[in-house]
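Nothing in this text is a laboratory measurement; each read-out follows from the coordinates by a stated rule. Everything quoted here is computed from the prediction, not taken from an experiment. Cβ coordinates were reconstructed from backbone atoms using ideal geometry, including for glycine residues, and neighbour counts include every protein chain displayed.
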Amino acid sequence: MAGTDALVDLVDPLVADAGAVLYDLTRESGTVRVLVDHERGVDLDLITAISRDISAAFDEADVMSGAYTLEVSSPGLERPLRTAEHFAGAVGEVITVRLTTKIDGARRVKGTLAAVDGELVTVEPDDGNPIIRFPIDAVQKARTVFVWERGEKPGSRSTSATSHRKATT
């Protein structure tokens, strides 16, 4: 059975040939998860094409011994953050992080990802606590957080709208 790096080396060119980018690849308990991204978004046709190509390549190269499950999908709105590149791509976004040990008194951090300097991450917590810095290797699990923007309800009047009536005399 091939290691994760060997799988990445095999999968990355297939994803690129489909016009997409390999965001992440993980392997655990007989499941290979491949996350792909595309500048115009990921649709079912793209996922299907990439899945077929990867499955055929795995069979041809005989990289997976025994049964395995292949999952191909987009990273989603709440993207996992595992590498320095993932963190760097999420600067300015709200993230949530679970650390392996407490750093500055916190094991869980939620806030805006302010900066990534090499392997050092800086987060501005949204609970008013001071800025926290931690190395990526201290991260047990991290992801972006999708923030819903409150919009105006359909059919309601805008508070900035003014009513104009014709004056009668």
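Return yes or no: is GLU78 of a type outside the set (Ser, Thr, Tyr) and without any contact (Cβ under 8 Å) to a residue 24 or more places away in the chain? No, not satisfied. Of the residues contained in the stretch 98-107, one or more are found to be among the charged types (D, E, K, R) and touching a Leu at 6+ places or on another chain (Cβ under 9 Å).
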